[in-house]
Structure formats: structure tokens, C-alpha cells
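**Student:** Dropping a structure here in C-alpha cells format, bear with me for questions.
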Amino acid sequence: MPELPEVETVRRTLNTLVAGKTIDHVTVSLPRIIQLPDDHKQFEIELQGHTIEKVERRGKFLRIVMDHLVLVSHLRMEGRYGVYTKDEPVEKHTHVIFHFTDGTELRYKDVRQFGTMHLFKKDEDLQSKPLMHLGLEPLAPEFTAEQFINLMSKRRTMIKPVLLNQKYVVGIGNIYVDEALFRSGIHPEQIANTLTAEQLTRLHEAIVSTLADAVEAGGSSIKSYVNGQGEMGMFQHSLRIYGRKAEPCYECGTLVEKTVVGGRGTHFCPVCQPLPTRQKH
């Protein structure tokens, strides 16, 4: 599933490709992707004649901001956007096409068909589901160490599931949680409110730096992710812990271990990320 760096990369790419374009009409061939309004035909009609001003992001959601509307889109497992000319063949599993007045098209392709789209009047989306209960944006200026420490100090569960919970911090996802915990030397099973202010400060810095590095590299193409121009991300070549089970740790040489934490496959170094003695079984 695309995480924050991948969605941010798609956002930046689409922003350069579709900002300023006006929608002539829309074709929806898989109605269940359209979550709001209930009728996909209404979705098609409401978008006619609107101009895209910019593409923004909230957590793992794209916000396609128009003159009077906002389209909130979640890519889920394998959703992809691409810009084409109207004469190019439409690929299999293309479920929504935004036809622009200049003869180009924004096409949404989704092999797994799990993606969603919600259409709102401008400025109403952030106060409505699915965006209204999302937590802190880890790449926003207001994501401070103090704010993060205060939030984590109230959580009595393991740190990894807390970081994956979108109600607290948005968009990190499984890959980047493992990477940030490794960079900060914290075991994924340590209880969040037992972490010291120093540890949480390190973790805050690791989250920000890991995500920033991943965005700079265009995200991670672990399975099928590509950006809006069909290009793969490159951060998978810089992963220091994720996907490295039984390989030597880059820091100490100990073999990387893999376990399941909160239902998610989790990679860690038992030496660099020790679990406090009082938590060991």
C-alpha cells in the first residue's frame, strides 16, 4: 500500500501535470469506487466544467482541489493515476477517466479495485469522513517534538501499533515505522508511555528524516508503486531494516529478526533495538 512518501510523490507529480486543466466530462466504469455522492452518475455530472487548482495531500489521501469542489482520493493497495492523450489506448483496470478540455485525460487504474473517491464542496472535506479524524502530519511544521512527546506519553500500547494508527500520526505505514524505529534504536514492542523524552525526541527526528529522505527518493517501489508518470520510487535501495530478515544489521552485524507486531510483519535488530528487561517475557 502506498504510504506517505509515495502519495506525496504522486501529489507532486500530478500537481505539475493537471493543475490548471478544466474537466470536460468524467467516465466512471466501476461505480463502487465512488463513495460520495452515492450515485456515480451524479459524480460525473457535478465535475463537469470545474478547473483543478492544485493537488494536495492529507495523510495517505490525495486532495484534488478545484474551483468549487474537492475530490478526496485514496489509492489503497494498487491505485494509480496517469495522464494520457485521448488517443492513447485505455489500459485494462482503468475505472475512472477525467477528460480535460485540452484533449488530455487523467486516468485512474486500480487492479485490486480497493481505491475510493469522495467528492465534497470546497472546504467541507477536512471536517468530514474520511479526513476528519486523521492525526498529526509528520512533515508539517507544526509536528514538533513537544507535541509528539505529549501524544505518545498517553499511549499504553506498543509503540509500533501506535505509530501505525492514523488517529495519532498520519501516513507513516509499515515500512517507514520499521525504518524510523531502527534509526532511533527503539524496539517495536516497547510500550509507548515507557519511552523517555530523549527516546521520543530521537524517534520524532527519525520519523521526519526517514519520510523526508523517502520523499526525496520518490518513495519505495516494493511491489507495484509508480508515480503519476509511471516512474518507480528508489528509496527501497536505502532501506536499512525493512525486508532484511536474517541479513546482517548495518550497524552491528547481528542478524535482523522478523516478528509480527500488531498484525504486521516487523523487522528489527535485537542488539540495536533492545527491549527493556521489564517487558521481556
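Values in this text are rule-based calculations from the coordinates and carry no lab data. Source: prediction; values computed, not measured. Counting neighbours? That spans all protein chains shown, and the Cβs are built from the backbone with ideal geometry, glycine included.
**Student:** With respect to the cross-link table entries Lys21/Lys41; Lys109/Lys245; Lys86/Lys109; Lys121/Lys154; Lys60/Lys121, which display a Cα-Cα separation exceeding 26 Å?
**Tutor:** Details: Lys21/Lys41 21 Å; Lys109/Lys245 33 Å; Lys86/Lys109 15 Å; Lys121/Lys154 36 Å; Lys60/Lys121 20 Å.
Over 26 Å Cα-Cα: Lys109/Lys245; Lys121/Lys154.
**Student:** By how many nm would the segment from Gln166 to Asp67 lengthen if fully extended, with 0.36 nm per residue of separation less the alpha-carbon distance? Kindly include the intermediate steps, with their values, before the conclusion.
**Tutor:** Values: separation 99, 0.36 × 99 = 35.64 nm, distance 2.86 nm.
Difference between extended and current length: 32.8 nm.
**Student:** Could you work out the relative contact order of the chain, using alpha carbon pairs under 8 angstrom and six or more residues apart, expressed as a whole percent? Mind dumping the intermediate values first?
**Tutor:** Numbers: 572 pairs, mean separation 49.7, N = 281.
Value for the chain: 18 percent.
**Student:** Related question: For the chain, with equal point scatterers placed on the C-alpha atoms only and solvent neglected, what are the log10 I(q)/I(0) values from the Debye formula at q = 0.07, 0.10, 0.14, 0.15 1/Å, to two decimals?
**Tutor:** Log10 of I(q)/I(0), two decimals: -0.29, -0.56, -0.98, -1.08.
**Student:** Tell me whether region 4-127 comes out rounded, prolate or oblate; compute the Cα gyration tensor, take square roots of the eigenvalues as a ≥ b ≥ c, and use a/c under 1.5 as the rounded threshold. Don't jump to the answer; show the numbers that get you there.
**Tutor:** Values: a/c = 1.13, a/b = 1.06, b/c = 1.06.
Judged from the Cα gyration tensor, region 4-127 comes out rounded (a/c under 1.5).
**Student:** Now a separate question. Label point 7 Å out from Thr277 along Cα-to-Cβ: which residues of region 190-206 have amide N under 17 Å?
**Tutor:** none
**Student:** Find the all-direction average of the projected area of the Cα convex hull for region 145-279, expressing the result in square nanometres with one decimal place. Present the calculation step by step, with values, prior to reporting the outcome.
**Tutor:** Values: hull surface 33.5 nm².
Spelled out: convex hull of the Cα atoms, projected over all directions, averaged, 8.4 nm².
**Student:** What FRET efficiency do you get for Cys252 and Asp123 if R0 is 51 Å and r is their Cβ-Cβ distance, rounded to the nearest 0.05? Before the final figure, lay out the partial values.
**Tutor:** Working: r = 51 Å, r/R0 = 1.00.
That gives a FRET efficiency of 0.50.
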